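Q: Here it is: the structure, laid out below.
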Amino acid sequence: MEAAFASRTYRVLSYTFSLLVLLINPLGVSAGTEKPVHQISSEVCQNCHKEIYKQWKGSMHAQSTALKDPIHGTFYKKVVGSPIEEGVKHKASGKYPICLQCHAPNAAVDKTTKLDAKPAYSEGVNCVACHTLSKFKGTSGKNGKLLLGLKAYERKNELQGPQGFNQGLAKLVAADDMFGGAGSDDSKPNPHTQGEVELDGKKIPALPMAGNPGLMKTNAACMGCHDKRNNPHGVPLCQTGNEYAGSNVNCQSCHMPIAGGMADHGMGGGHNHAMLKRSVVFTLDAVKEGDNLNATVKLKNMQPHSLPTGAPFRNIYLKLSAYDAQGNVVWQNAEGHPAKDDSKAYFAYLLANDKGDPAMPPTATQLGADTRLKPYEERILSYNIPAKGTVLVRGELFYNLLWPVLVNKFKHLPEDLVAPESIAVAEVNL
Ligand code: HEC
Ligand code: HEC
Ligand code: HEC
Ligand code: HEC
Ligand code: HEC
């Protein structure tokens, strides 16, 4: 009893002490061994949140730095430089690389560019990067400047959860327990309520947690990084947020569905086949009229954001083919990529230079054509196909992470990042 009392007293004291440290020093750079929360690796959380850790680890959030994402890395090295050197500047602005405010947020808190210096930096958008965001300020700053990534948020040195641990009432009614019954459920060590805990002989630091449903359960949890960002010429690049059609469904309902009783942290997008497959309703109809087949292709975007959304070089194209009884192609909407021969079958967000010619994200000075499907848009495409000899019409949609010009340029990228990915097929037998 006494030992338990002593250890509780110690816990309460050490908790109070860490709170004091936080109050005196909001960045939480403590003199002792305790780490500020933004430097805590996801490996610490993994000790208890095994399933969520696994989902996160497979997501692009865990690969968001130039050390791990080959596509981001290619651009980062071009417009900034080495991700493992200190003091590197964004070339166009001569300032601290803005990229890190979203792609390596914990490094941005410490204003470092040496991303391999700590696991919490190289882990990119890790557990604490999201779970320390406390308030979304919006992305419009003073003088029309955008607040990007962390700059759009207030942060706390205390974890933020969708619910938190509301133990006030338990404390009130547990009047004869001077510790208010807090942490009485020792069957599950909980560093969010009990202070430092031990698990399988490992010491887990105190990880105090506040409930913050207003942020964690709304788009505010995502918008700081996903709203939009501009290149140095003011041209909007990745801009999921400002495409968003005044919708009542939040990002979490699709990107964090409940699976196994918990909010899934896989957060699939353009790199996730299952997510891509469910993004579109794709149907095909073909009716014979004399010598012709009138084919109608319908594409319906099921999202409150564009399809495809995100990085400007994401694109989708349609291949429509007619086959004879031997399986030979007798007609197709385009040979190879349809961008030239059948531009209506190419759904993309293009960028342009002053002359209106296609341009790369860092150098574009204006928007080009935006032929993506708008939120919830249904698009109908009609084709005339020669009926003679045709026994089958087949339509197939392909998703691409990169524009064809970038696929040709970036020969160093692994095959799975450059190969067109089939996301929907429809056939009509005649
Ligand atoms: C990209 C931001 C983001 C990252 C990264 C992230 N989380 Fe979350 N997490 C959220 C949001 C948002 C919610 C709330 C979901 C809801 O309730 O709608 C949440 C919910 C949770 C919950 C409560 C789940 C439930 O359904 O009860 C736990 C536990 C959790 N996160 C742990 C973690 C851990 C551990 C990691 C790292 C391995 C992590 N999170 C990484 C944003 C994030
Ligand atoms: C020693 C075990 C342990 C460790 C380590 C741990 N947690 Fe938890 N966590 C718990 C327990 C227990 C709960 C409450 C019950 C549950 O959700 O399983 C919880 C709940 C949560 C919740 C949900 C709170 C809510 O509002 O519903 C979040 C978010 C969370 N933890 C984040 C983290 C993050 C981020 C880390 C790493 C920095 C972490 N946890 C490390 C044990 C742990
Ligand atoms: C701190 C910034 C930050 C926050 C907050 C954040 N994200 Fe992200 N997210 C990123 C970055 C950076 C990437 C890109 C990683 C890459 O491809 O290099 C990303 C990638 C993604 C992708 C995958 C894109 C792909 O290429 O497959 C999805 C989906 C996504 N985020 C959804 C969300 C949702 C939903 C939320 C809110 C619950 C959220 N994110 C919160 C920064 C953030
Ligand atoms: C109705 C479900 C749904 C909702 C709601 C939704 N998304 Fe998506 N999201 C998808 C699907 C499906 C995809 C894959 C197809 C695509 O890229 O459009 C996707 C793709 C993405 C991507 C991947 C982009 C890339 O470059 O790979 C990001 C980022 C993203 N969504 C962010 C968000 C954010 C932020 C919100 C909230 C503002 C949100 N989504 C709301 C279903 C949804
Ligand atoms: C406001 C936050 C933000 C800033 C600032 C930012 N990015 Fe991103 N970036 C994202 C998000 C979110 C994604 C992934 C989802 C998407 O495609 O929209 C992304 C995706 C990318 C991708 C595609 C990655 C892939 O896997 O295909 C590249 C390349 C990229 N960013 C480069 C950069 C560079 C270089 C900088 C700095 C000059 C930068 N970004 C600054 C948020 C940001």
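The values are calculated or read from the model by the stated rules, or taken from the named source; none is laboratory data. Keep in mind that this is a model prediction, so the values were computed, not measured. Virtual Cβ from ideal backbone geometry, glycine too; neighbours counted across all protein chains shown. Heads up: the accessible areas ignore ligands, DNA and RNA and are worked out on the full protein's heavy atoms, side chains in. Shrake-Rupley method; radii C 1.70, N 1.55, O 1.52, S 1.80 Å.
Q: With all protein chains present, calculate the accessible area of Tyr376 using a 1.4 Å probe and round the result to the nearest 10 Å².
A: 100
Q: For segment 273-429, just the Cα atoms, rotate onto the principal axes and tell me the three extents in Å, largest first.
A: Over segment 273-429, Cα extents along the principal axes are 51, 34, 33 Å.
Q: How much space per residue, in cubic angstrom, does the convex hull of the C-alpha atoms of the chain take up? Let's see the in-between values first.
A: Working: hull volume 79.8 nm³, N = 430.
For the chain, the hull spanned by Cα atoms encloses 186 Å³ per residue.
Q: Given a 1.4 Å probe and heavy atoms of the protein chains only, how would you sort Lys89, Lys228, Lys374, Lys145, largest accessible area at the top?
A: Listed by decreasing accessible area, they come as Lys145, Lys89, Lys374, Lys228.
Q: On the full set of protein chains, 1.4 Å probe, figure out the accessible area of Cys127 and give it in Å² to the nearest 10.
A: 30
Q: For the chain, what does the helix formula give at 222 nm: sum of -39500 (n - 2.57) over DSSP H segments with n ≥ 4, over the residue count, nearest 500 deg cm²/dmol? Walk me through the numbers before you get to the answer.
A: Working: 17 runs with 109 residues, N = 430.
It comes out at -6000 deg cm²/dmol, rounded to the nearest 500.
Q: Helix 2-24: angle to the longest alpha-carbon principal axis of the chain, degrees 0 to 90, nearest 10?
A: For helix 2-24, the angle is close to 60 degrees.
Q: If you take the Cα Rg of segment 210-304 and divide it by 2.2 N^0.38 Å, with N the number of residues, what do you get? Intermediate values should be presented prior to the final figure.
A: On the way: Rg = 18.9 Å, N = 95, 2.2 N^0.38 = 12.4 Å.
Taking the Cα Rg and dividing by 2.2 N^0.38 Å, one obtains 1.52.
Q: Equivalent-ellipsoid semi-axes (√(5λ), Cα gyration tensor) for segment 349-406, whole Å, largest first?
A: Values: eigenvalues 216, 41, 31 Å².
Square roots of five times the eigenvalues give 33, 14, 12 Å.
Q: Given the convex hull of the Cα atoms of segment 49-96, what is a quarter of its surface area in nm²?
A: 4.1
Q: Mind listing which GluC sites (Glu not before Pro) in segment 329-414 are in a DSSP loop and have 16 or fewer other Cβ atoms within 10 Å?
A: Listed in order of number, the matching sites are Glu335, Glu377.
Q: Right, another one. Filter the cross-link list Lys57/Lys137; Lys217/Lys344; Lys78/Lys118 down to pairs whose alpha-carbon distance in this structure exceeds 26 Å.
A: Listed pairs above 26 Å: Lys57/Lys137; Lys217/Lys344.
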